[in-house]
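Following: one structure in structure tokens, then a few remarks.
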Amino acid sequence: QVQLVESGGGLVQAGGSLRLSCAASGSIFSINNMGWYRQAPGKQRELVANIGSGGRTKYADSVKGRFTISRDNAKNTVYLQMNSLKPEDTAVYYCNAAINLRDAWGQGIQVTVSS
């Protein structure tokens, strides 16, 4: 059984920063891509950023230059540093990872940016 647990969300004022973490645990043999998605009320879930096992990254246009994704393979953990946050970044953020060739999701964590 594999589990992804997110932490670091919360309420922040516009222009502020938050750092999300997602740790994978359980019977893990391999982890390929890791990433973050988000879903705002009334909207579809969208990719925020992902990172391959070798460190290659991809970002949504809306967060380029403000968010940075990174991972610690020794800790099976992926991070999302979010700077210059905007009210439109408000959403539930979900961790995603390809673990043991299967797609795994975290339970989601709320990020709220006040104006």
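The values are calculated or read from the model by the stated rules, or taken from the named source; none is laboratory data. Computed from a prediction, not measured in an experiment: that's the story for all the values here. Backbone-built Cβ (ideal geometry, glycine too); neighbour counts: all protein chains shown. Calculation scope for accessible area: heavy atoms of the full protein, side chains included, ligands and nucleic acids excluded. Shrake-Rupley method; radii C 1.70, N 1.55, O 1.52, S 1.80 Å.
Listed here are the strands (runs of 3 or more DSSP E) enclosed by region 27-115 that have at least 2 residues being touching a Phe, Trp or Tyr at 6+ places or on another chain (Cβ under 9 Å): 31-39, 46-51, 67-72, 77-82, 91-99, 109-114. Could you tell me whether region 43-55 includes any residue that is farther than 27 Å from Glu88 by Cβ, small (Gly, Ala, Ser), surrounded by 13 or more Cβ atoms within 10 Å (Cβ to Cβ) and in contact with a helix residue (DSSP H, G or I) (Cβ under 8 Å, 6 or more places away or on another chain)? There is at least one residue in region 43-55 that is farther than 27 Å from Glu88 by Cβ, small (Gly, Ala, Ser), surrounded by 13 or more Cβ atoms within 10 Å (Cβ to Cβ) and in contact with a helix residue (DSSP H, G or I) (Cβ under 8 Å, 6 or more places away or on another chain). Within region 16-37, identify whether any single residue is on the phi > 0 side of the Ramachandran plot and at pLDDT below 95, and answer yes or no. Taking every residue of region 16-37 in turn, none turns out to be on the phi > 0 side of the Ramachandran plot and at pLDDT below 95.
Scanning region 58-72 turns up no residue that is in contact (Cβ under 8 Å) with a residue 60 or more places away in the chain and over 17 Å from Gln110 (Cβ atoms).
Only one residue in Ile69, Ile31 is more than 23 Å from Gln1 (Cβ to Cβ), open to solvent by less than 60 Å² (accessible area, probe 1.4 Å) and hydrophobic (A, V, I, L, M, F, W, C), so which one is that? One residue alone meets the criteria, Ile69. Look at (1) in contact (Cβ under 8 Å) with a residue 40 or more places away in the chain; (2) open to solvent by 20 Å² or more (accessible area, probe 1.4 Å); (3) closer than 30 Å to Gly15 by Cβ; (4) not β-branched (Val, Ile, Thr) and you find that Tyr93 fails only one, number (2). Check off (1) open to solvent by less than 20 Å² (accessible area, probe 1.4 Å); (2) part of a strand (DSSP E or B); (3) of a type outside the set (S, T, N, Q) for Leu11 and give me the number that stays unchecked. Every listed condition holds for Leu11 apart from (1).
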